[in-house]
Amino acid sequence: MPLRQTYRASRSLVLTASSTLRSNRLPNSTNAFYSTAKTANANPMYANVDPAYMLEDGTPDYLRMILTSRVYDVCKETPLTDAVSLSVKAGANIQLKREDLQPVFSFKLRGAYNMIAHLPPKLRKKGVIACSAGNHAQGVAYSAKYLNIPATIVMPVVTPAIKYKNVARLGSNVVLYGNDFDSAKKECARLSAEESLHNIPPFDDPYVIAGQGTIGMEILRQTDVSKLKAVFCAVGGGGLIAGIGAYIKRIAPHVKVIGVETFDADAMRQSLKERERVTLNDVGLFADGTAVRIVGEETFRLSQEYVDDIVRVSTDEICTAIKDVFEDTRSIVEPSGALSVAGVKRYVADRPNEDHTTASYTAVLSGANINFDRLRFVSERSRLEEGGEVFMNFTIPEKPGSFNQLYKFIQPRDVTEFSYRYCPSQGSAGIAKIYCSFNVKDRKKEIPSIISSLENNQMSGEDISDNELAKSHARYLIGGRADIADERIFCFELPERPGALGKFLQGIESKWNITLFHYRNHGSDIGKVLAGLSVPSQDSEKFDEFLSQLQYPFVEETSNPVYQQFMKS
């Protein structure tokens with residue numbers, strides 16, 4: 001039977017089921033994170049819920065709502081795949097729930113469509129409105145187009161063009177208003193009241209929560225429940241984890257439901273700890289899909305009851321998780337989409353004495369709407385977090401041959417960046433300061449060995465890999481102006497292959513004093529080196545002959561205005 005027919009049959013069966021289902025509600029989870037929820041009072045948001053879906057205590061029966069959800073009109077049952085490489089690295093059996101494969105590349109379509117599809121004809125005719133700068137906007141726009149309902153999406157003026165153009169492409173009216181989300185949200189509320197448009201919230205609504213809960217239903221059907229130990233979900237407003245938790249804790253209460261947040265956007269963790277919703281003053285925006293200052297009222301109530309734990313992760317851990325997902329799936333997920341994977345890794349790493357190989361963990365990949373210009377940052381930070389790349393500050397003698405000698409101590413490791421600028425005050429003291437980054441396999445063993453070799457040769461080195469200033473800013477600012485007589489600047493091209501940089505240094509430093517040097521590996525087949533050399537005028541002819549024998553393509557940049565303005569005093 002086709003998938004849609006199967007769920008329509010299920011919906012009909014559940015709606016006509018015996019009322020005993022309503023009273024067969026599990027007690028509060030004994031594994032709840034901080035506390036369990038009290039019986040809820042009547043909530044205005046329940047007014048739109050069909051009475052057939054209400055329990056005797058006045059709260060929605062989410063099991064029934066999930067089983068009868070309308071999501072499969074537009075959504076597909078996404079695969080649950082084994083993360084083979086990640087499982088080996090983490091020492092645990094990890095599976096990925098591929099919500100990044102939905103039509104709008106995010107799970108948000110489930111909740112948005114389920115709510116809109118349950119609206120009465122009178123409300124549908126007037127149209128719907130939503131405020132979002134991301135995945136929820138695309139979910140509402142896609143749903144409205146499928147149901148032939150007019151939709152208005154309010155987005156901040158600063159929303160990237162790729163996002164609002166995609167929403168417009170889906171047929172929705174896009175209103176750009178305000179410089180931030182709060183301003184756009186107020187405008188959305190005004191338009192909703194003025195034009196009688198029904199507001200579709202991103203997470204705090206029973207139908208939205210039930211739509212997201214269908215992910216939990218699929219997970220339990222796709223895996224061996226007896227071996228499933230925990231499901232990890234990204235947490236923003238709480239709709240995803242509330243829906244998944246509401247289903248899993250009814251069907252398989254032994255399975256832990258674990259949320260993942262960033263250290264700078266942990267509204268749910270703080271709220272659960274305080275037993276009331278906490279409003280954050282500011283939130284980090286790297287994982288923008290979960291950058292929420294306050295969680296939903298209903299999602300918080302459900303999370304109190306069903307969430308077992310909250311794990312927090314750093315930006316660098318998220319970047320590494322994006323890379324992990326890519327290596328297993330060849331797909332690139334957004335930062336919020338990789339939160340769950342970062343959370344699994346952190347959870348396993350924090351419990352080294354447990355056997356993680358006998359059970360399985362599921363991470364929900366919640367979305368893949370990432371801005372392309374973020375990929376360079378993700379690539380750089382993932383290498384650092386894994387310990388595969390290190391940043392070091394070196395001090396070496398200011399004399400010919402020192403550069404090449406330093407490079408030999410680093411070999412055979414691949415150098416990813418090399419920066420130096422002659423400083424008169426340091427040069428007169430006979431020292432040179434070098435910034436360098438290179439790849440290692442075992443940071444804890446290799447770095448002490450390199451430093452020891454340096455110290456035996458009147459050099460020194462310091463590992464600055466964990467220095468945030470070095471990672472975010474200083475690496476791009478190494479150098480400056482210098483007034484050096486007879487300095488000439490060249491940009492050389494050399495093949496990116498083992499030993500090429502060392503051969504270049506050996507050839508050039510043996511005859512001429514290096515005054516500036518910058519090399520960075522960009523993953524290309526050709527590496528570019530910017531080098532400054534002190535060439536006395538009487539040696540110009542000899543130097544030109546040397547360049548012709550060097551066999552590397554080059555361009556002289558001594559007259560380049562950028563050099564004249566920013567590197568020369």
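A few points about this structure:
- From the list Y552, Y519, Y563, the one residue that fits, being assigned to a loop (DSSP other than H, G, I, E, B), surrounded by 15 or more Cβ atoms within 10 Å (Cβ to Cβ) and out of contact with any Ser or Thr (no Cβ under 6 Å at 6 or more places or on another chain), is Y552.
- Of the residues K186, K227, the single one that is within 26 Å of V157 (Cα to Cα) and out of contact with any Phe, Trp or Tyr (no Cβ under 6 Å at 6 or more places or on another chain) is K186.
- Lone qualifier among V378, V344, V325 - being within 16 Å of F232 (Cα to Cα) and either in contact with a Leu (Cβ under 7 Å, 6 or more places away or on another chain) or modelled with pLDDT under 95 (or both): V325
- Condition broken by G237, with the remaining ones in (1) closer than 20 Å to D309 by Cα; (2) modelled with pLDDT under 95; (3) surrounded by fewer than 19 Cβ atoms within 10 Å (Cβ to Cβ); (4) not charged (D, E, K, R) satisfied: (3)
- Within the range 313-359, the set of residues being touching a Cys at 6+ places or on another chain (Cβ under 9 Å) and either surrounded by fewer than 21 Cβ atoms within 10 Å (Cβ to Cβ) or not assigned by TED's automatic domain parsing to the domain that holds G238 (or both) is empty.
- Selected residue (only one of T416, T362 is surrounded by fewer than 21 Cβ atoms within 10 Å (Cβ to Cβ) and in contact (Cβ under 8 Å) with a residue 60 or more places away in the chain): T416
- Residue within the range 442-450 that is at pLDDT 85 or above and either outside any helix (DSSP H, G or I) or touching a helix residue (DSSP H, G or I) at 6+ places or on another chain (Cβ under 8 Å) (or both) present: yes
- Test for D544: is it assigned by TED's automatic domain parsing to the domain that holds Y422, touching a helix residue (DSSP H, G or I) at 6+ places or on another chain (Cβ under 9 Å) and at pLDDT 75 or above: no
- Scanning the range 253-275 turns up at least one residue that is without any contact (Cβ under 8 Å) to a residue 12 or more places away in the chain, under 19 Å from L339 (Cα atoms) and not small (G, A, S).
- For A242: the one exception among (1) in contact with a Cys (Cβ under 8 Å, 6 or more places away or on another chain); (2) assigned to a helix (DSSP H, G or I): (1)
- The set of residues in the range 173-212 being in contact (Cβ under 8 Å) with a residue 60 or more places away in the chain and in a strand (DSSP E or B) consists of H198, N199.
- Residues of the range 213-239 satisfying the condition of being part of a helix (DSSP H, G or I) and either within 20 Å of Q95 (Cα to Cα) or not assigned by TED's automatic domain parsing to the domain that holds T299 (or both): G213, T214, I215, G216, M217, E218, I219, L220, R221, Q222
The values are calculated or read from the model by the stated rules, or taken from the named source; none is laboratory data. Since we're looking at a predicted model, the values are computed, not measured. Ideal geometry is used to build each Cβ from the backbone, glycine not excepted, and the neighbour counts take in all protein chains shown.
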